[in-house]
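What follows is a short report on a single structure.
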Amino acid sequence: MDIIEAIEHRISCRAFTDEAITDDTLAQIQQKINEINEQTGLHFQLYGPRENGTALDLSKSMFASDPLYYAALAAQDDAISKEKLGYYGEQLVLFITQLGLETCWVAGTYDHETVRVELAEGEVLHDVIPIGYAPEKMPLKQRTIRKGLRKRDKKLSDLWQAYIPFDQAPEWVQACIEAAQKGPSAINGQPYVFTQDSADAPIRAGLSHTRSGLVYTDLGIAKCHFEIVACACGMKGSWEWGVGGAFVVEE
Ligand SMILES: Cc1cc2nc3c(=O)[nH]c(=O)nc-3n(C[C@H](O)[C@H](O)[C@H](O)COP(=O)(O)O)c2cc1C
């Protein structure tokens, strides 16, 4: 699976089988985590089964079963750290998806008594990412929850505020915004907005509100998906950090 296919394939997985993950696959995930931590100062960690065989207890209201592994995503508690955690956390999610495994971003709906994490001074555990194989048939709980949440999808034209309407934006821009919307966001809030003031101004990524700290993580995830598809469309570039940060296309 290439990374574009991973964007298409990924959904929040809410049930996990007890199929073991091979040592080789776990080593690849651990190596990716090490690379991210070294490059960014984020503090991602991989945890495996406890004595009862699963890695942590997810809330029964949102999940049909618990995973064998999870990644703990810890970082400092400021807006830029949360955004970076979204951007690099989603790179990790897509990497794990490419390995044939399933994931879910989880900020709140797990038993915090059962979570393991190491925190350095000032760090907070922002999210956990359960990791495992999905059952062949998607359980009703997962289908129902996803349908309910994805009903809230915004119109693509609402995610683009620019000098031209969405349907007149360049094809690559439309593809990037579609890819951002395919990404996860807390309660599927899709709080990110892409803007462009004029044809020669850069595209910027902002937020429609900042009522919850989770929106900064959502912004980082949206930037990640946008950038991957831009590159696939021949518009290789990178984002400035922060709300209103510009997408700088390589010359
Ligand atoms: C930062 C973040 C936090 C999330 N927290 C939770 C959570 O606590 N519990 C949960 O069930 N889903 C959580 N989600 C998953 C979202 O509900 C899900 O991504 C969204 O509804 C879109 O559905 P999809 O991922 O299946 O495309 C979270 C997603 C993100 C990005």
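Figure legend. Inter-residue proximity from the stretch 1-30: first residues in contact (Cβ under 8 Å) with a residue 24 or more places away in the chain and within 16 Å of the ligand (Cβ to nearest atom), second residues assigned to a loop (DSSP other than H, G, I, E, B) and hydroxyl-bearing (Ser, Thr, Tyr), beta-carbon distance below 6 Å, spacing 6+ or different chains. Indicated pairs: 15/65; 16/65. Scoring residue 164 on the criteria (1) more than 16 Å from the ligand (Cβ to nearest atom); (2) in the same structural domain as residue 93 (by TED's automatic domain parsing); (3) surrounded by fewer than 16 Cβ atoms within 10 Å (Cβ to Cβ); (4) not polar (S, T, N, Q) leaves a single failure, condition (2).
Per-residue answers, yes or no, for (1) under 18 Å from the mean Cα position of the chain (by Cα); (2) outside any strand (DSSP E or B); (3) of a type in the set (Ser, Thr, Tyr):
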{"position": "97", "(1), (2), (3)": "yes, yes, yes"}
{"position": "100", "(1), (2), (3)": "yes, yes, no"}
{"position": "113", "(1), (2), (3)": "no, yes, no"}
{"position": "116", "(1), (2), (3)": "no, yes, no"}
{"position": "125", "(1), (2), (3)": "yes, no, no"}
{"position": "143", "(1), (2), (3)": "no, yes, no"}
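Output yes when any residue across the stretch 132-139 is free of Cβ contacts under 8 Å to residues at least 24 places away in the same chain and within 13 Å of residue 13 (Cα to Cα), and no when none is.
Going residue by residue through the stretch 132-139, those that are free of Cβ contacts under 8 Å to residues at least 24 places away in the same chain are 136-137.
Adding the requirement that they be within 13 Å of residue 13 (Cα to Cα) leaves 136-137.
Within the stretch 132-139, one or more residues are free of Cβ contacts under 8 Å to residues at least 24 places away in the same chain and within 13 Å of residue 13 (Cα to Cα).
Condition check: at negative phi, surrounded by 15 or more Cβ atoms within 10 Å (Cβ to Cβ) and either within 16 Å of the ligand (Cβ to nearest atom) or assigned to a loop (DSSP other than H, G, I, E, B) (or both). Does residue 201 satisfy that? The answer is no for residue 201. Scan the stretch 222-230 and tell me whether some residue there is within 16 Å of the ligand (Cβ to nearest atom) and among the small types (Gly, Ala, Ser). Looking for residues that are within 16 Å of the ligand (Cβ to nearest atom) and among the small types (Gly, Ala, Ser), one finds at least one in the stretch 222-230, hence yes.
How many residues does the stretch 233-251 hold that are among the hydrophobic types (A, V, I, L, M, F, W, C) and over 19 Å from the mean Cα position of the chain (by Cα)?
In the first step, residues of the stretch 233-251 are kept if they are among the hydrophobic types (A, V, I, L, M, F, W, C); the result is 233, 235, 239, 241, 243, 246-249.
Filter once more, so that each one left must be over 19 Å from the mean Cα position of the chain (by Cα): 233, 235, 246, 248-249.
The number of residues fulfilling the criteria is 5.
Under the condition of being more than 19 Å from residue 176 (Cα to Cα), part of a helix (DSSP H, G or I) and in contact with a Phe, Trp or Tyr (Cβ under 9 Å, 6 or more places away or on another chain), the residues counted in the stretch 1-33 number 5.
Scanning the stretch 85-94 turns up no residue that is assigned by TED's automatic domain parsing to the domain that holds residue 13 and either among the basic types (Lys, Arg) or more than 22 Å from residue 239 (Cα to Cα) (or both).
The values are calculated or read from the model by the stated rules, or taken from the named source; none is laboratory data. These figures come from a predicted structure and were not determined experimentally. Heads up, the Cβs are rebuilt from the backbone with ideal geometry, glycines too, and the neighbour counts pull from every protein chain shown.
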